[in-house]
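Since the structure comes first, as structure tokens, the remarks are kept for the end.
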Amino acid sequence: MKKLGTEPYKGVRDFYPADMAVQKYIFKVWQDTVESFGYEEYGASVLEPAELYRAKSGEEIVNEQTYTFLDRGKREVTLRPEMTPTVARMVAAKRRELGLPLRWYSIPNLFRYEQPQRGRVREHWQLNVDLFGIDSIDADAEVISLAYYIMKNFGAKDEDFEIRINSRELLEKIFTDKLKDENDLSKAIRLLDRKEKMAPDEFEQAMKELTAEKIDLAFEKNEEVALLVDSLKQAGLTNVIFDATLARGFDYYTGTIFEIFDTNPANKRALFGGGRYDDLTSLFGGDRIPAVGFGMGDVTIRDFLETHKLLPDLKSTTDIHICTLDSEFITEAEKLAAKLRAEGKNVSVNLTDKKIGDQIAYADKHGIAAVIVIGEEEVKTGKFKVKDLKSGIEKLL
Ligand code: HAM
């Protein structure tokens, strides 16, 4: 019989405990930061009707990157490639009961059929932060500062990353009177979005096909973005810039758009991307609800943290491993473990007949900070020594 492979499916990751510890750390920083800004968590299923993405997500995502299949009832189902349509659907469904404004976040896993490469996989987790119901640039400023403080809470310095801001309205204005065919606006914006990934002359050529006259974005200005950049600078964000060449691949953005980049060229992909999308909820009927938010992926931030050596030493969640001098002491060890657990400690117990040295090596390999050794003496006296494996210091319990 042919043996099964141990590789995961193409472009997805297994999370062994050491990877899971990093993942949990990233989620914790995300969660602590967004909650410090008053955001509430929501969730939804990974399955959505395929039509949800057809309306506004953008051609590349829908035609080339979704996992879509027919279920047994012949419904077309998509594994969510992003969270924004889902959250817009949820807000639209209960707009009256929820009470605007809403500050919401979620950490969904998302599926995109992309060519796996550095910073790009087929399943990633993405922090989504969205503020519904506020029209002003104060809301844009709030979510952008939130993104900035996430980076700061990971230990990043201002010079390690850059926040680039542009306006979808500005891009529309620039392109509208220069396109050969006015229906090609989304195409032109998506082309701009892919600029960094193309050879310069290939990009020039493709742009020439769409536009009647040459566009020099370097001279463009936008008052709203200038105001936003200014107010963020005044709030102490030194690494915010206006970038007229910044584009986002989704069709639902209506105003401010922004992305955060690593200043180290090892990581070319955006760490975050987001913007204002004031019309998405109206797809579901009813009044429009202004919204602004962003997504930040686990893969790109992990690359960032590794490149800048910002990942802390992650210890085991187990505090103490109880070693036994002989297997006859396992019952005693279990009793002690139960007591310690009742006091809030995480404790594992040796169940092997390995030598003490090997039992301690087990604790060390798994990053457990301390051990207790139980033998005849300990059982008789009811006193135990807790040994910290790093410092070697022993404490009597
Ligand atoms: P996005 O730019 O497609 O935006 O994704 C946001 C971030 O998710 C990217 O900057 C990147 O860190 C990460 N990401 C995206 N695709 C992948 C992938 N295939 N592999 C690894 N990481 C990836 C959105 O998805 C918008 N819905 C965000 C948003 C929320 N806009 C408003 N609210």
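The values are calculated or read from the model by the stated rules, or taken from the named source; none is laboratory data. Just so we're clear, the structure is a prediction, and the values are computed from it rather than from any experiment. Because the Cβ atoms are built from the backbone with ideal geometry, glycine has one as well, and the counts that use them run over all protein chains shown. The accessibility values were calculated without ligands, DNA or RNA, using every heavy atom of the protein model including side chains. Shrake-Rupley method; radii C 1.70, N 1.55, O 1.52, S 1.80 Å.
Things worth noting here:
- Here K24 is the anchor, and the aspartates and glutamates within straight C-alpha reach of less than 20 Å, apart from those fewer than 8 places off in the same chain, are D14, D32, E35, E40, E41, E123, D298, D303, E306, D313, D319.
- Per residue, the convex hull around the alpha carbon atoms of the range 1-154 comes to 170 Å³.
- Site pair Q31 and A18 shows an inter-label distance of 2.4 nm when each label is modelled 7 Å from Cα along Cα→Cβ.
- Relative intensity of the range 262-350 on a log10 scale, I(q)/I(0) at q = 0.13, 0.15, 0.19, 0.22 Å⁻¹, equals -0.71, -0.75, -0.89, -1.02, per a Debye sum over C-alpha point scatterers of equal strength in the absence of solvent.
- For the chain, alpha-carbon Rg over 2.2 N^0.38 Å: 1.24
- For the chain, size of Cβ-based charge dipole, Lys and Arg +1, Asp and Glu -1, in debye: 1220 debye
- Accessible area per residue for the range 320-396 is 65 Å², calculated with a 1.4 Å probe on protein heavy atoms, without ligands, DNA or RNA.
- Bridgeable lysines around K221 (alpha carbons under 30 Å apart, same-chain partners fewer than 8 residues away excluded): K56, K152, K157, K173, K178, K180, K187, K195, K197, K208, K233, K268.
- Estimated at 0.36 nm per residue, the fully extended path between E64 and L100 surpasses their Cα-Cα distance by 9.4 nm.
- Each Lys or Arg adds one and each Asp or Glu subtracts one; over the other residues with Cβ under 13 Å from the Cβ of L127, this totals -4.
- Between helix 298-307 and the chain: long-axis angle, C-alpha atoms, 0 to 90°, nearest 10: 70 degrees
- In this calculation the C-beta distance from E40 to K152 is compared with R0 = 25 Å, giving a FRET efficiency of 0.70.
- When each of the peptides 142-155, 314-327 is scored by how many other beta carbons lie within 10 Å of its residues on average, the order from highest to lowest is 142-155, 314-327.
- Dipole axis of the range 207-248 (+1 Lys, Arg; -1 Asp, Glu on Cβ), positive-most option in A212, G236, N222: G236
- Relative to the longest principal axis of the Cα atoms of the chain, the long axis of helix 330-342 makes an angle of roughly 50 degrees.
- Two-decimal Rg/Rh across the range 320-396, once Rg and the Kirkwood Rh are taken from alpha-carbon atoms: 0.92
- Rh by Kirkwood over Cα pairs, then Stokes-Einstein D for the range 1-82 at 1.002 mPa s and 20 °C, µm²/s: 131 µm²/s
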